[in-house]
Structure formats: structure tokens, C-alpha cells
1. Going by the conditions given, is ARG326 under 14 Å from SER286 (Cβ atoms) and either of a type in the set (D, E, K, R) or surrounded by fewer than 16 Cβ atoms within 10 Å (Cβ to Cβ) (or both)?
2. Against the condition over 29 Å from ILE274 (Cβ atoms), touching a helix residue (DSSP H, G or I) at 6+ places or on another chain (Cβ under 8 Å), surrounded by fewer than 19 Cβ atoms within 10 Å (Cβ to Cβ) and small (Gly, Ala, Ser), how does SER93 come out, does it pass?
3. Restricting attention to the range 271-319, report how many residues are under 18 Å from the mean Cα position of the chain (by Cα), in a loop (DSSP other than H, G, I, E, B) and of a type in the set (A, V, I, L, M, F, W, C).
4. For the range 207-232, which residues satisfy the criterion of being touching a residue at least 40 places away in the same chain (Cβ under 8 Å) and farther than 14 Å from GLU159 by Cα?
5. Test ARG84 against the criterion of being surrounded by fewer than 24 Cβ atoms within 10 Å (Cβ to Cβ), part of a helix (DSSP H, G or I), over 15 Å from the mean Cα position of the chain (by Cα) and not acidic (Asp, Glu), and give yes or no.
6. Given the conditions (1) farther than 21 Å from SER286 by Cα; (2) within 19 Å of the chain's Cα centre (by Cα); (3) of a type in the set (Gly, Ala, Ser), which single one is not true for GLY230?
7. Specify the residue that is farthest from ALA193 (Cα to Cα); the eligible residues are those in the range 213-241 that are small (Gly, Ala, Ser) and part of a helix (DSSP H, G or I).
8. Only residues that are assigned to a helix (DSSP H, G or I) and surrounded by fewer than 24 Cβ atoms within 10 Å (Cβ to Cβ): list them for the range 169-182, please.
Amino acid sequence: MGLKFGDKLRRARMDLGLTQSQLGAQKYSTSYISLLETGSREPTPEIITELSKRLGIERDVMEAWNTPVSPDEAQFVLLEHRARASMTAHDYSDACDTAAEAAELAQSMKNSSAWWNMSFLRAEGLRELGRMEDFLRAADEVLAHPLTDESEALKVRAETLVASANQGAGRLYLGVEHALKATALAEDSLPAASLFAIEARFALIACLAESGQLDEAWRACQRLDEVVSGDVPAQSAGAAHWAIGNVAFLRQDIDEGLRHHNLAAERLHPRSDIELWTRFNKASASARISAGAVEPATLACIERAEQALSVIGDLGTEGLELQVIRARWQHVNGDAAGALLALEPVQDRLGELPQQVKGEVELLTGRCQLALGELDDALKHLNAAREDFVGAGAPERAVLAVELATQLRATRR
């Protein structure tokens, strides 16, 4: 795609004082116009014809916007293609490096739309790598860019990105703050069922739930449930029911959690997105175990995720995290020795996991060793769990590790 198209489309729209919604005028969504302006979508000949009429621009002039005319623009197109291909292939390190190079090139060309697009992609790659502090800095840069304030859709996306970054960095109160801004702006400027509006609600629910504000999270879930009951893509509806079910499990409303996860399973399908299917089954199993739902359906979720991973290969640390979930399943079913065996390969690669997950691994290892009477080793892992939870900003989990360690010491006196 030529770099000039998105930038010139945005400038032409603003020159006429039109919002993205007004330019789309019931034919194109606000989100789609935003994607065109940031260079994330290629305009078809039909779209160029229609938009040129709406903006009062000769079609040949607008079509010329879509043609790279300089070596730098051509180089950017190659870098953008490589960055996106690397993201698709889960080579997140290359995606981040290439997106950073593309963003620097875009900045030298004074193309703000191209810079914004590549900087956003780089931030997403940093999130996948678990580099949360770098992710937060990158997300803040996107939010602070002047282009962000020129579009409601971009503002929603940027606030959502910063909310997710703060959540990942353990700054949950800031995550909630930015997610609230994103959802409020989305309600005022975007259709309720737009992808950007739904993603903002996902971020809000995640931040509220992780910070322990379960009543507020459930109210946000109820609003999301209303939205996805309408005309939304099956994958979006499935992801929504997945998130709602997670909160229900956290509230110990197991029946509601199972209902929404079953609705998610009906809407998500491996043929549509096998990676999402894998992550859903992994997460559903984890949520079910945490809520005490250790029925055969929980084991079936684990097995579906394992089968999917055997087809597509390990997605970063997904395989390790799934191994932890299987170990949790064995532990709650009284097989502490089997759980420790399942955790051995995880312990060998512990440094690859986010700090919160490392804490969960250490906590589970300590519990299993405690059950087997291996008290010295149990105490060592419980202390490690406490340190990881403190570092990850999870004080409640840290307190649990401390309580178990205290009980262990008391039994040895």
C-alpha cells in the first residue's frame, strides 16, 4: 500500500470538517475509515471511487495517493510487510525490530499515519514477548502522539493499548483508569458493536477483575453481554462470552461461568482461528480449576488445547503454561507426585515465563512438595513464589504464599 493514501485521506477529511463516521456515512464503519487512514487496509478501486466522490476529489488524483513514489516509501512497504508477517509467524522479536525500523523511516518521511501504525504494531509485539515495561513505554508513546487526538477511533485504540500495558506491568489502577477512558469515548463516538469498542470493554473487564473489583467487572460484563447479543461476528461474540465466564468463575458463580464458556465454545471454532481456540481452551481449563470445577469437561478443555498445540506448534510460552494447568489439574485431584513430574520441564524454563506465572509455578510446586512431606524444598519454593508475586504486583497471591510458609514453619516446631 502507498504510504500517502492514509495520510492524505485523513487530511482531506479534516479539511472538510468531517468526522470518520460522517465520511463513512452508513456505508463504511468508523473503524474501517480509521484502518484506511492508518494504512492497515488496502483501498479497493470501488472504495477509491466512492470516497473520491464524497470528498469532491478527482478519482485519478486519489488513486495516485495509493502508489509508492519514492525509494523510502517502497522500503517502508517492505518493512511493514515483514513486520506483519513476523507477527503472524509469532516471531515477535523480529516483528518488534522491523516495526521499529519502519517507524523510524516513517518519521524521517514525516508520515504520521505510518509511524502510528508501526509503533502500535511494535507495542503489540512487546506485549507478546512479555516485555511489559517496554510495552508500557511504547503504548504511552502511541497515546501521546498528536495523531491520536485527531481520531476518536485511534484514541480508543491507544487508550485500550495503554490500559493493557499498565495491567501487564502490574499498575492495575492506571489500567482501570485508561480502560474507563477508552470505553467512555467508544460509547460516545463508535457503534457499540465495533471491534474497537468491544476491545476497550475487554480491557476494562480484565483490569477490574485482576484488581479485585469483581462487582464493577461484572457490571461491565453485563453491558458486554448486551452488546454481543446483537449482530457481531461469531469470533468476537465467543471472545466476549469467554471474558464474561472468566469473571463469573472469579465471583464463584460456577453455573454462570460454565454457561458463558459453553457459549464461547459454540461460537469459537478451530477452523476459524486455531490459535484463539487453543488459548480459549487453556484459559477455560484454568478458570474452571480455580473455581473448583474439576469435572471431566475441565480435563477435556486441557486435552483440546494440547491437541491444538500439537498441530500448530508451541506459541511462545503457551505450551509451558498449559503444562502448568495440567499440573494444577493433577494436584487438585490428589496426584501431587504426578503434578511435580508435569512441572519439571516448566521449572527448567522458568525464566521464560511472566513473573506472575512464575509465582504460580513456584506456589504449586511448594504445595505439591508440602503434600509429599518434602518440607525444606516446599519452603524454598513458597518463598520464591512470594517474591515473584510481590514483583508482579499481586499482593493477595503473595499473602497466600506467606501464609502457607508460616503454617509449614509452625508444624516443624
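The values are calculated or read from the model by the stated rules, or taken from the named source; none is laboratory data. What you are looking at is a predicted structure, and each value in this text was computed from that prediction instead of being measured. Cβ atoms come from the backbone with ideal geometry, glycine included; neighbour counts cover every protein chain shown.
1. Working: under 14 Å from SER286 (Cβ atoms): yes; either of a type in the set (D, E, K, R) or surrounded by fewer than 16 Cβ atoms within 10 Å (Cβ to Cβ) (or both): yes.
Judged against the criteria, ARG326 is a match.
2. Values: over 29 Å from ILE274 (Cβ atoms): no; touching a helix residue (DSSP H, G or I) at 6+ places or on another chain (Cβ under 8 Å): yes; surrounded by fewer than 19 Cβ atoms within 10 Å (Cβ to Cβ): yes; small (Gly, Ala, Ser): yes.
Considered against the rule, which asks whether it is over 29 Å from ILE274 (Cβ atoms), touching a helix residue (DSSP H, G or I) at 6+ places or on another chain (Cβ under 8 Å), surrounded by fewer than 19 Cβ atoms within 10 Å (Cβ to Cβ) and small (Gly, Ala, Ser), SER93 comes out as no.
3. 1
4. Residues of the range 207-232 that are touching a residue at least 40 places away in the same chain (Cβ under 8 Å), as a first pass: 207, 209-210, 212.
Matches in the range 207-232: ALA209, GLU210, GLY212.
5. Values: surrounded by fewer than 24 Cβ atoms within 10 Å (Cβ to Cβ): yes; part of a helix (DSSP H, G or I): yes; over 15 Å from the mean Cα position of the chain (by Cα): yes; not acidic (Asp, Glu): yes.
So ARG84 passes the test.
6. Here GLY230 clears every test but (2).
7. Let us first name the residues in the range 213-241 that are small (Gly, Ala, Ser), namely 217, 220, 229-230, 234, 236-240.
Still in the running and part of a helix (DSSP H, G or I): 217, 220, 234, 236-240.
Values: ALA217: 19, ALA220: 14, ALA234: 12, SER236: 9, ALA237: 10, GLY238: 13, ALA239: 13, ALA240: 11 Å.
So, considering only residues that are small (Gly, Ala, Ser) and part of a helix (DSSP H, G or I), the one farthest from ALA193 (Cα to Cα) is ALA217.
8. Quick first cut of the range 169-182, residues assigned to a helix (DSSP H, G or I) only: 172-182.
Within the range 169-182, LEU172, TYR173, LEU174, VAL176, GLU177, LEU180, LYS181 qualify.
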